[in-house]
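> Take a look at the following structure, please.
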Amino acid sequence: SGAAAAGSPRRDFISVTLGPEEAVGVGGYNNSKAWRRRSCWRKWKQLSRLQRSVILFLFAFLAVCGAISYTSMGETWKSITNKSLDDQRTEQQIPRLKLANPVVLPAPQKADANHGDYPELSLQKPPKPPHVRRGPSNLQIKAPRRDTRLKTRHDTMRAVEELVEAHKVEKTEKSIISWRGAVIEPDQSTEPPSSKITEPEKPSSVEAEDQKEPVPINERQLAVIEAFRHAWKGYKDFAWGHDELKPLSKSYSEWFGLGLTLIDALDTMWILGLKEEFDEARKWVANDLVFDKNVDVNLFESTIRILGGLLSTYHLSGDSLFLEKAKDIGNRLMPAFKTPSKIPYSDVNIGRGTAHPPRWTSDSTVAEVTSIQLEFRELSRLTGDEKFRKAVDEVMKHVHILSGKNDGLVPMFINTNSGQFTHLGVYTLGARADSYYEYLLKQWIQGGKKENELLEDYVRAIEGVKKHLLQRSEPKKLTFVGELAHGHFSAKMDHLVCFLPGTLALGAHNGLAADHMKLAETLIETCYQMYAQVETGLSPEIVHFNLHAQKGHKDVEIKPADRHNLLRPETVESLFYMYRFTGDKKYQDWGWEILQNFNRYTRVPTGGYTSINNVQNPSNPEPRDKMESFFLGETLKYMFLLFSDDIDLINLDRYIFNTEAHPLPIWVPA
Ligand code: DMJ
């Protein structure tokens, strides 16, 4: 049926068809949504065009007003929120990196909570401890004092995550503070050693509290012990008390004439549990190690290997002989700092007490003058004599404010007269700059995460690396760290750069941005490929990456001058950190492959291992007849630790490794 509405001639007519439902409602009460919709529609159609236009205009007007007021309310709300964040910032941020009087930020990853030009450190997920805590090593490496009282870093970070998730702004939670996403415990409040220390510190092993069950050594660790013993046999038979073994000629080479290999290997023997060998070496240190010699030593090399080795052995063994020797060499190295700029000379005559730069220049290497700090600072803490620490801190403070950096990246040389960087414009994470970056982070951790200039320089440098030095190779698209020379990128990467994944992972473990860990994961894959893509399965000293895919070419290219392998540790070192922090067994497997290849191509049957000249020739890798001291000091030590599932075997919340793999205590352990 149809209905027609008559009226003015301008009125429209509609016809409505009623279905059964509507029909039922006719004459009765029908409040169904459909009925109401239709009734409204009918009324609307009954209005004149003018009426409809007025109504539509009014609706449109109201909609515009609504939108405007919504936007301005949003602005007001935002400014209120920002103000409260600003208030928080003011409370915790002046001066910029001051961490005193902290507050708990509910969401530290917010951009608003950042200050200055520095990159944001986003809140990192707590690294999963991969292993069951199985107690301390079987070597009496014990927890430093106060360790049992403190919460673990994992607990702390988990607590922060929960806070963030719950969006709680509870300022009462005082145990955690956040600086640009870095999670820091105010509890870590031990001051760096004060100049008023009267009593020398004790070694960390003496501060032990907890005794735990020993963790059994596994087969891969046994293989490392076997490799160490084989290397040691060569050293003992042909080079005892000398610097380096020449395993093929069954003789030795002298660098400083200070038993470098023996000292470098002391703490490795301790960690591997080689008591007999350790005792024998100790006797040599007690009876034959004499520093009163008219000999020029390199400040950096003797600091990281000799001073570092003696200090760590003192901490692990608690034997004061090693501290006495450390004091002796530390004092003898001090003349290096007597320069017009206080930037130390590269060489010191430890018998005469004189120092000088290399013959051809008055420059020192940046990595060398900025990678002696962990050792000298620790020496001050142990002896109570501040002069060691003051000398090396001054270098860091000076470098902190020096111009000539490129987004935190430093040149390779610094002049000992002017104190200025020289040879500007060349930036690398490899030789001559590498451990500058490593020691920024490690000093910050050693000192209880309070020296913010160090953290600031480190974080800025990593941003510089990302901005200027990262590229991807073809065909496998491996992320690598190249070099920059006067604005030109070079796809060259030293094996030395492979310390970086481990350092990045250590930073992330200590609360720095999660993307540092991501970068660590991609870079360690690259470092592994530097081994895996080579015929012997051993990395050359330097590789060049292909930036363009070419048929039949791998990512890694090797120039004839770069194809030697010096038994270096950096990749194994990073594998160790990666395994500790992720528990991913592939890192152990990669390390195992590398150990087997060292055994295959560098092991000398009569004792010792040798550097080789050609990693591309498995049938003749061309032995160089030299076993570097760091093979025992670092490479085999990191192998042993990599294969261990005992996180308390040199616990990374209690110890910080110097750049020669000598563990020194963190002053305020997590
Ligand atoms: C070691 O002496 C140290 O690791 C240093 O930082 C770099 N070179 C060697 C090992 O390759």
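The values are calculated or read from the model by the stated rules, or taken from the named source; none is laboratory data. Everything quoted here is computed from the prediction, not taken from an experiment. Here Cβ is always computed from backbone atoms with ideal geometry, including for glycine, and neighbour counts include all displayed protein chains. Quick note on the areas: whole protein, heavy atoms, side chains included, nothing else; ligands and nucleic acids left out. Shrake-Rupley method; radii C 1.70, N 1.55, O 1.52, S 1.80 Å.
> Would you please give the residues with an amide H less than 5 Å from that of Phe413, counting only those at least 5 places away or on a separate chain, with H modeled from the backbone geometry?
Counting only residues 5 or more places away or on other chains, the set is Val366, Thr422.
> Averaged per residue, what accessible area in Å² does the stretch 550-608 show with a 1.4 Å probe, protein chains only?
Numbers: 2390 Å² over 59 residues.
Spelled out: the 1.4 Å probe surface of the stretch 550-608, per residue, equals 40 Å².
> Any idea how far apart Ser490 and Glu394 come out in nm if each label point goes 7 Å out from Cα toward Cβ?
Placing both labels 7 Å beyond Cα along the Cβ direction yields 3.4 nm.
> Give the relative contact order (percent, whole number) for the stretch 402-472; include only Cα pairs under 8 Å separated by 6+ residues.
On the way: 73 pairs, mean separation 22.3, N = 71.
Once normalised by length, the contact order is 31 percent.
> Still on this structure, please answer the following. I'd like the accessible area for Asp328, computed on protein heavy atoms only with a 1.4 Å probe and all protein chains in place. Round to 10 Å², please.
Asp328 exposes around 50 Å² with every protein chain in place.
> Another question, then. Convex hull over the Cα atoms of the stretch 269-412, averaged projected area in nm²?
Numbers: hull surface 39.7 nm².
With the hull built on Cα positions only, its mean projection is 9.9 nm².
> Quick one: give the max-minus-min coordinate of the C-alpha atoms of the stretch 531-670 along each principal axis, largest first, in Å.
Each principal axis gives a Cα extent; for the stretch 531-670 these are 51, 42, 23 Å.
> Still on this structure: Hey, any idea what % of the stretch 314-425's accessible area is carbon plus sulfur with a 1.4 Å probe? Before the final figure, lay out each step's value.
Numbers: 2020 of 3980 Å².
Here it works out to 51 percent.
> Normalise the Debye intensity by I(0) for the stretch 409-465, one equal point scatterer per Cα, no solvent, then take log10 at q = 0.17, 0.20, 0.21, 0.25 Å⁻¹ and round to two decimals.
For the requested q values the scattering log ratios are -0.60, -0.78, -0.84, -1.02.
> Relative contact order of the stretch 339-387: what whole-number percent is it, with Cα pairs under 8 angstrom and at least 6 residues apart?
Working: 32 pairs, mean separation 12.7, N = 49.
That works out to 26 percent.
> Also, quick follow-up: What ratio of Cα Rg to 2.2 N^0.38 Å holds for the stretch 196-339? Show your work: numbers first, answer last.
Details: Rg = 16.7 Å, N = 144, 2.2 N^0.38 = 14.5 Å.
It is 1.15.
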